[in-house]
Amino acid sequence: VTIGVERAHFFPPNADPELRPVFDAAVAALEERGATVVEVELPRYEEMLVANMVTIVSEALAYHGNDLRERWGDFFAATRASFAQGAFVTGADYVQAQRARRRAQRELADLYTRVDAIVSPTCATGAIPYDAFNPEQASELDELFQDLNSLFSLFLTPYWDCVGNPALAIPMGFTEAGMPLSMQIGGRPFDEQTILDVGHAFQSATDWHARIPALLQKVAS
Amino acid sequence: MNETEKIEILIEAAGLQVTDPDELAAIVAAHAPLRAGIAKLYEDPALRYEDHGLKFEADPDLTDWRAAG
């Protein structure tokens, strides 16, 4: 099995400092399991981030528009701010975004003639702590969500959302603060089996998926 | 007309009620990079005649990872 490793687009400046060493260790674990690892670069990555956002905000406004007009205040600030972007995107923009998606799909298919799966981090930071969702401590979270561009730069799943290939996210370690980090494995269209097999092989060699969060340990005790 | 004024008009046309000036400023700021990215999508001649319908071509190579050891 040949696994492509994507590093070029998945380590933004605001990434958690543990992300790179944890990901490197995850790739090493795959190699130890017998995978051939090659460096790759996903085609049209930046275009897919744009096309993904155009598609999301257009479809979100189409679906939620009536509720946004009538119940603006009931939506979370970051949610309504992103959905409102749909009002500034034209029909032509939407069509052009779909053209970009199709082009990326075809170029990605070419890449998959050389690899069986592609791995990268899923998110550039650990999971947001449960405590951050408490109203008393929500100000920092709200501040983060207000800066949409900074926030979205941390999420590393939009490429796969946009091209539509199957992708699997599995635990690959923790931040220094003890929050989980994740590796995503992207595959060919309809080839879920390969990415599930890669995930299974990784989890057979590691125990990150078996760790119990401190929150659940408290509940269990 | 500046970007804020344009977006205010589009928000009004969409029937949305963004009354908080800070929230409006955040929405305007978030739109600027998206608009710049959209403009780039039109610059690539390879996209001009591309199909805008997504297709998912099934050509799986069903490698048996576990059998491969």
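The values are calculated or read from the model by the stated rules, or taken from the named source; none is laboratory data. The structure displayed is predicted, hence computed values, not measured ones. Cβ: placed from backbone, ideal geometry, glycine included. Neighbour counts: every protein chain shown. Ligands, DNA and RNA are stripped out before the accessible areas are found, and what is left, the full protein with its side chains, is counted by its heavy atoms. Shrake-Rupley method; radii C 1.70, N 1.55, O 1.52, S 1.80 Å.
These residues, A:11, A:174, go from largest to smallest accessible area, 1.4 Å probe, as A:174, A:11.
Only helices enter the 222 nm calculation for the protein assembly as shown: every DSSP H run of n ≥ 4 contributes -39,500 (n - 2.57), and dividing by all residues gives -16000 deg cm²/dmol, rounded to 500. Against the criterion of solvent-accessible heavy-atom surface with a 1.4 angstrom probe, B:42, A:159 sort, most first, into B:42, A:159. Computed from the Cβ-Cβ distance with R0 of 45 Å, the FRET efficiency linking residue A:209 to residue A:76 stands at 0.90. Would you please classify the overall shape of segment A:1-55 from the alpha carbon gyration tensor, given that a ≥ b ≥ c denote the square roots of the eigenvalues, rounded means a/c under 1.5, and beyond that prolate means a/b larger than b/c while oblate covers the rest? It is oblate, given that a/c is not under 1.5 and a/b is not larger than b/c. Considering only alpha-carbon pairs that sit under 8 angstrom and 6 or more positions apart, the relative contact order computed for chain A is 27 percent. For segment B:9-49 and segment A:86-107, compute the distance between their C-alpha centroids and round to whole Å. Taking the Cα centre of segment A:86-107 as reference, the centre of segment B:9-49 is 14 Å away. The chymotrypsin sites (Phe, Trp or Tyr not before Pro) of segment A:68-122 that DSSP puts in a loop, and whose beta carbon has at most 12 other beta carbons within 10 Å, are A:76. Put the Cα centre of segment A:14-46 next to the Cα centre of segment A:154-200 and the gap is 11 Å. For the pair residue A:62 and residue A:220 in one chain, pulling the backbone fully straight at 0.36 nm per residue adds 52.6 nm over the alpha carbon distance. Here each label is just a point 7 Å from Cα along the line to Cβ, and for residue A:2 and residue B:9 those points are 5.4 nm apart.
Of the residues A:6, B:8, the one with the largest accessible area comes first in the ranking B:8, A:6, computed with a 1.4 Å probe on protein heavy atoms. For residue A:182, the amide hydrogen comes within under 5 Å of the amide hydrogens of A:122, A:123, A:172, counting only partners 5 or more places away or on other chains and with H modelled in the peptide plane.
The phi-based Karplus calculation (6.51 cos²θ - 1.76 cosθ + 1.60; θ = phi - 60°) puts the 3J(HN,Hα) values of segment A:65-70 at x, 4, 5, 4, 5, 9 Hz, whole numbers, x for Gly and Pro. Per residue, the protein assembly as shown exposes 52 Å² of solvent-accessible protein surface, assessed with a 1.4 angstrom probe and all protein chains in place.
Rounded, prolate or oblate: which one fits the protein assembly as shown, using the alpha carbon gyration tensor with axes a ≥ b ≥ c (rounded when a/c is under 1.5, else prolate when a/b beats b/c, else oblate)? Oblate is the answer for the protein assembly as shown, as a/c is 1.5 or above yet b/c matches or exceeds a/b.
The label point for residue A:196 and the one for residue A:113, both projected 7 Å from the Cα toward the Cβ, are 2.9 nm apart. The alpha-carbon of residue B:6 sits under 21 angstrom from the alpha-carbons of these lysines, leaving out residues fewer than 8 places away in its chain: B:40.
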